[in-house]
Structures are given as structure tokens and as C-alpha cells.
Amino acid sequence: MTLCLDATGMGVEIVDEDGCRSFQDRTVSKEEAKDAEGMKQILIRQMKKCGGTIFSVQKVTIDGNRIPYFPLSAINDIRRRAFEGHLKVRSQQHVIEKRLPGIASAGLPPPPPPSEHIVNRKAAAFFVRHGAQESSCTAEKSEDRILMMCSYCLKAELGFCRSVNQQAQSPTEPLAIRDKTGTYELTFDCKRCEMQVLKNSNRKKPLD
């Protein structure tokens, strides 16, 4: 911040870290300060006060040989107007970058294996837009597709888990669950203690 003092009053020039520049001035009486050095220190101290604003004044420089007398009300007024004016300048010069319509891969990591996530055409289209090979994103690429992997296990729930009870009898597989949306075959990875839910298009139709 630079205070430009002359016989007509004071001008305040603000230059911020982004290079935005603003200027405000105020006319005052031509009365010179009786204590020029004391008035100078008051000006520096008051102009550094920026509470209630987004600004932080790092340095105040006074340009001018004549130091007029400024009442505190005048100093506070020009400081307030200087900050308000500079904020308007920053708002006018701020450039808002607009994203153009369309989908672009904004630095996304490589897509995960499509077979783990693609269960319909919309999912396939999403992975293609973000860099996956179209040939690997076919929703119908296999008869069975993993819809969900979970630690919850029906075998354990029904008492067929040999990891819990080595004497447990194994059920006839494959097991499946069925609801109004369709029939879903289950597979089990006992080493990982994981159950997989598959969708099999050749199984029975959904319940009515």
C-alpha cells in the first residue's frame, strides 16, 4: 500500500499479490501537521488496520514530502473506501474458468477391470468415456457377472461353513438367491472368506 500525499490531500494505491491495482483519493484541508513524523506513524498504523476484510496489509509506504494533518475519521474513511474499491477491482479482474460441455478424463486413475463393475450399458459407456478400451467394456461379455462381493456368507449363516465347523456338511451347489428382480447365483471363495453374487441371464425369470 502506498499513500500519495500532496497539497490537496491523500491518495491510496493498493497492489496485491495477484497484481491487482486500485486507487482511491480524498481531499483534505491544507493544514500541515505540527508533528510530521508523528502524523506519519499514525497514518502507517491506521492504514495497516484491516480487520473485517479479506486483506492483510504487509507494508505501507508514504510518498510525499508534505505531511498534512488528517483527523482519524478521515484516515479511517479513506482506508475503508480503499479496501472496498480494491475488492471491486479484484472481482472485476477475476476470471472464472468454465468447463465446456462434454466428458473428459480429468486426470482420473486407470479404470479398474471392467468385469468387476460393468453390469449394464450405461456403466460400459462411462468406462469408455474415461479411457477404457471399448472392446473390454461389453456388458454382455460373459454369461455370469459379479454384481457384488461381500464378507456376509450364506454358508456360514446356514451352518455349512467348514472354516467354522470342520464337521459341517456342504450343501448342493450352486446356491442361488431369488427376488422380484431376478435370480442370482452365489459362488464362495472360502480362502478369502468371501461370497460373490452373480447374475446369470439363463436362470429363471424374476418372480411376479
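With respect to Q93, determine if the residue is surrounded by 10 or more Cβ atoms within 10 Å (Cβ to Cβ) and either closer than 16 Å to I14 by Cα or at pLDDT below 70 (or both). For Q93, the condition - surrounded by 10 or more Cβ atoms within 10 Å (Cβ to Cβ) and either closer than 16 Å to I14 by Cα or at pLDDT below 70 (or both) - is met. Sub-6 Å Cβ pairs linking a first residue in region 67-87 that is assigned to a helix (DSSP H, G or I) to a second residue that is of a type in the set (K, R), at least 6 apart or interchain, are I78/R26, ordered by first then second residue.
Please go through region 88-97 and give me each residue that is of a type outside the set (G, A, S) and either part of a helix (DSSP H, G or I) or touching a Ser or Thr at 6+ places or on another chain (Cβ under 9 Å) (or both), ordered by number. Walk me through how you get there before you give the answer.
Step one: list which residues in region 88-97 are of a type outside the set (G, A, S), which gives 88-90, 92-97.
Of everything in region 88-97, those that are of a type outside the set (G, A, S) and either part of a helix (DSSP H, G or I) or touching a Ser or Thr at 6+ places or on another chain (Cβ under 9 Å) (or both) turn out to be K88, V89, R90, Q92, Q93.
Filtered by the rule that a residue be exposed (fewer than 11 other Cβ atoms within 10 Å of the Cβ) and either hydrophobic (A, V, I, L, M, F, W, C) or in a loop (DSSP other than H, G, I, E, B) (or both), region 144-189 gives C150, S151, Y152, Q166, Q167, Q169, S170, T172, K180, T181. Scanning region 21-55 for residues that are assigned to a strand (DSSP E or B) and either among the hydroxyl-bearing types (S, T, Y) or modelled with pLDDT of 90 or more (or both) returns R21, S22, F23, T27.
The values are calculated or read from the model by the stated rules, or taken from the named source; none is laboratory data. Treat the numbers as computed from the prediction; the structure is a model and nothing was measured. Backbone-built Cβ (ideal geometry, glycine too); neighbour counts: all protein chains shown.
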